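Participant: Below you'll find the structure I mean.
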Amino acid sequence: MSVFDQMVDAVLNRFFGRSANQVDRVDRQARYLTEKGMDVADGGMVSWVEAPPEFTATSNQTAGLWPFAVGTSSPLVGAVLGRNLLNGSVVCGDPINLFLRGIISSPSGFILGLNGRGKSSVAVRMALAVVDQGFLIVGASDVKPDLAGFTRAVGGELVRVAPGVGAINPLDAGPLWHRLGELDELAQRQMRAEIHSRRLNALTGLLELVFKAPLDARQQEPTVLSMAITEADEHAQAQGRQPLIADVVAVIRAAPPAIMAAILVDDEAAYNAQVRNLLAGLNALGEHGPFGDVFCQDTSVQMPLDRCVDFDISAIDETQLDLRAAVQIVCWSYAQAGISAAKTLAQAGLMAERHHLMIMDELWQALRASELLVYVIDAITRLNRTKGLGQLIITHSIKDLQLSTDELTKIAMGFVERSSMKILGGLAQNEMVLLENVFPLSGQEKALLVAWSAEGSIDPKTGRTSPPPGRGRFMSKTGEAPGVPFQVNLTEAERRVHDTNAAWAQAQARVNA
């Protein structure tokens, strides 16, 4: 009998009072003997095999100790996002750095995930890294606000926009409009055409929010509005200021012959009947309209271009969805105007070149207020790369981009398709099919995203609460490459500058006391 069999017999004699000859060997092994030891009390069974220690190091450091070392699958470029959930390696990336290194084709990112999973925390982490490298952040519509603490911490400017708090002029050409005369004639024409297009786009979006319908092309409302903006700008420039909505109203009311001729109207009575609806919409953007005094006066605080800036719109109540969406659109347009002018002046050698990352949060709010705003957003986002501007769009669900018609949905889905870097958090099972229509996902990737969508729980035995399994867990996707799952663990410094649950701080303290 082997030594092992003798040991088995001794154990059986001790615990069962029988020898190996009295117990069938096959039955004994099936019932008691496992690969981890004897499955009986005090039998020495090892129920948990501790994983060996793992270390991460560069190939130069590791080569002499372990010649079979291999590198991580994700590039160590950009912001440090967290630890790889599969192998513990460091996961890095942000739209600007990945673009500069040629890993992605445009400096654009899209963050998608359910509430409370840490989307804004990932954005803040990217922002901190980007600022540390000399780039600037523009929080173009901070509704909570998520970026206010960060902006203060890095010495940026907080611009508050809300009725009675601060205004933003949708016709504002940006903080560098007074320097356009320093450009050569061709550059001036190009910039003025771009400014006009942006003004028309922003004002059209506001009017469509008021009407809940597009401008009436049969009444030639887009033509009247465009020509009125041009003439209002000329009058305002003569006075050394930016045009206001009131200037556009005054131009339309004056019935200029050029506008009447353009819309093929011969007498003022017919003209007044044709522009009546347009004037009603513009009047609704005045102080006594649904948006209050936000859009009818000069911009309260000019956007600085030499430091970070956050447009804080959190003072607008959540129930005022139309106003929030309107301010979002105008802030996005205004921020892009300032950055575009700075880029043009830098190319002309008139100022130092700077690059910005514009964070566009809560996309769903604008689309929920009016699906027609998808055209405005599309126009804003398409030119960012050529203007030296990176963008990071954030929303909760791919279903936020499912609109009432195939045409609108296709445009909205384009926001994701054109985003070279995608950060995915926990998502519901019924979103997987929609995601696959935009970019490929493996079965394992889909299972992971769905698992992260679960809510937290309470252990009935201990009473301890567990947070949602997907909190702080995300997957980075670039192109058709496999997704890289990672865990974000916030540092104390990040917690100080970014607390999305500040409004619940006292209640949480009472519960945890």
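Participant: Loop-only check: which GluC sites (Glu not before Pro) in segment 398-481 are DSSP coil with at most 15 other Cβ within 10 angstrom?
Facilitator: Passing sites in segment 398-481 are 455, 480.
Participant: Set Lys and Arg Cβ to +1 and Asp and Glu Cβ to -1, take the dipole of the chain about its Cα centre, and tell me which of 292, 263, 108 lies farthest positive.
Facilitator: Toward the positive end, the furthest listed residue is 108.
Participant: Right, another one. Quickly rank 268-275, 128-135, 197-204 as a protection proxy: mean count of other C-beta atoms within 10 Å, highest first.
Facilitator: Result, highest mean first: 197-204, 128-135, 268-275.
Participant: Listed highest first by mean packing, meaning other Cβ atoms within 10 Å per residue, what order do 298-309, 467-478, 212-223 come in?
Facilitator: 467-478, 298-309, 212-223
Participant: If you plug each phi of segment 387-394 into the Karplus form 6.51 cos²θ - 1.76 cosθ + 1.60 with θ = phi - 60°, what whole-Hz ³J(HN,Hα) values come out, in order, with x for Gly and Pro?
Facilitator: 9, x, 10, x, 9, 9, 9, 10
Participant: To continue, here is another question. Note the full-extension length gain between residue 399 and residue 185 as 0.36 nm times their separation in residues minus their Cα-Cα distance, in nm to one decimal.
Facilitator: That pair, residue 399 and residue 185, stretches by 72.4 nm at full extension.
Participant: Hey, what does the equivalent ellipsoid look like for the chain, semi-axes from the Cα gyration tensor as sqrt of 5 times each eigenvalue, largest first, whole Å?
Facilitator: In descending order, the three semi-axes are 60, 25, 20 Å.
Participant: Decide, for segment 157-271, between rounded, prolate and oblate: order the square roots of the alpha carbon gyration tensor eigenvalues as a ≥ b ≥ c, take rounded if a/c falls under 1.5, and otherwise choose prolate if a/b is larger than b/c, else oblate.
Facilitator: The shape class here is oblate.
Participant: Could you go through segment 297-302 in sequence order and give the Karplus-derived ³J(HN,Hα) for each residue, using 6.51 cos²θ - 1.76 cosθ + 1.60 with θ = phi - 60°, rounded to whole Hz, and x for Gly and Pro?
Facilitator: My calculation for segment 297-302 gives 9, 4, 4, 5, 10, 5 Hz in order.
Participant: A further question on this structure: Calculate the FRET efficiency for residue 491 and residue 272 from the Cβ-Cβ distance with a Förster distance of 60 Å, rounded to the nearest 0.05.
Facilitator: That gives a FRET efficiency of 0.45.
Participant: Using Cα-Cα distances under 8 Å and only pairs 6 or more residues apart, what relative contact order does the chain have, in percent?
Facilitator: So the answer I get is 22 percent.
Participant: To continue, here is another question. Mind giving me the FRET efficiency for residue 368 and residue 237? R0 is 56 Å, r the Cβ-Cβ distance, nearest 0.05 is fine.
Facilitator: For R0 = 56 Å, the calculated efficiency reads 0.90.
Participant: Might you report the magnitude of the Cβ-based charge dipole of segment 66-155 about its Cα centre, with Lys and Arg at +1 and Asp and Glu at -1, to the nearest 20 debye?
Facilitator: 160 debye
Participant: A further question on this structure: For segment 84-155, which whole-number percentage of the solvent-accessible area (1.4 Å probe, protein heavy atoms only) is attributable to carbon and sulfur atoms?
Facilitator: That fraction is 53 percent.
Participant: Spin-label point model (7 Å from Cα, Cβ direction): what's the residue 352 to residue 60 distance in nm?
Facilitator: Each label point is offset 7 Å from its Cα along the Cβ direction, giving 3.1 nm.
Participant: Could you tell me the relative contact order of segment 279-420? Use alpha-carbon pairs under 8 Å, at least six residues apart, and round to a whole percent. Don't skip to the end; give the middle numbers.
Facilitator: Numbers: 132 pairs, mean separation 27.4, N = 142.
Relative contact order here is 19 percent.
Participant: A follow-up question, please. Once you have a ≥ b ≥ c as the square roots of the Cα gyration tensor eigenvalues for segment 114-180, tell me rounded if a/c is under 1.5, and otherwise prolate or oblate according to whether a/b is larger than b/c.
Facilitator: It comes out oblate by the Cα gyration axes.
Participant: Kindly report the accessible area of the chain per residue (heavy atoms of protein chains, probe 1.4 Å, no ligands, DNA or RNA), in Å². Can you show the working numbers first?
Facilitator: On the way: 25300 Å² over 513 residues.
Value for the chain: 49 Å² per residue.
Participant: Sticking with this structure for a sec: Give the distance, in whole Å, between the Cα centre of segment 237-298 and the Cα centre of segment 123-138.
Facilitator: 41 Å
Participant: When only Cα pairs under 8 Å and 6 or more residues apart are kept, what is the percent relative contact order across segment 345-474?
Facilitator: Relative contact order here is 19 percent.
Participant: Could you compute the FRET efficiency for residue 212 and residue 378, with r as their C-beta to C-beta distance and R0 at 22 Å, rounded to 0.05?
Facilitator: 0.70
Participant: With charges only on Cβ, +1 for K and R and -1 for D and E, what is the dipole size of the chain about its Cα centre, in debye, rounded to 20?
Facilitator: The dipole of the chain has a size of about 1320 debye.
Participant: Take every DSSP beta bridge with both residues inside the chain and express the antiparallel ones as a percent of the total, to the nearest 5.
Facilitator: 40 percent
Participant: Turning to a different aspect of this structure: With every atom except the alpha carbons ignored, what do you get for Rg and Dmax of segment 426-492, in angstroms?
Facilitator: For segment 426-492, the Cα radius of gyration and maximum Cα-Cα distance read 14.3, 45 Å.
Participant: What nm distance separates the two modelled labels at residue 152 and residue 464, each placed 7 Å from Cα along Cα→Cβ?
Facilitator: Inter-label distance under the simple model: 3.5 nm.
Participant: Please label the shape of segment 265-358 as rounded, prolate or oblate, based on the square roots a ≥ b ≥ c of the eigenvalues of the alpha-carbon gyration tensor (a/c under 1.5 means rounded; beyond that, a/b larger than b/c means prolate, else oblate). Don't skip to the answer; put the middle values down first.
Facilitator: Values: a/c = 3.43, a/b = 1.56, b/c = 2.20.
Judged from the Cα gyration tensor, segment 265-358 comes out oblate (a/c at least 1.5, b/c at or above a/b).
Participant: Which value in nm describes the separation of the simple spin-label points at residue 457 and residue 39, placed 7 Å from the Cα toward the beta carbon?
Facilitator: Taking the two extended label points, one gets 2.3 nm.
The values are calculated or read from the model by the stated rules, or taken from the named source; none is laboratory data. Keep in mind the model is a prediction, meaning the values are calculated, not measured. For neighbour counting, all protein chains shown are included, and Cβ atoms are generated from backbone atoms with ideal geometry for every residue, glycine included. The accessibility values were calculated without ligands, DNA or RNA, using every heavy atom of the protein model including side chains. Shrake-Rupley method; radii C 1.70, N 1.55, O 1.52, S 1.80 Å.
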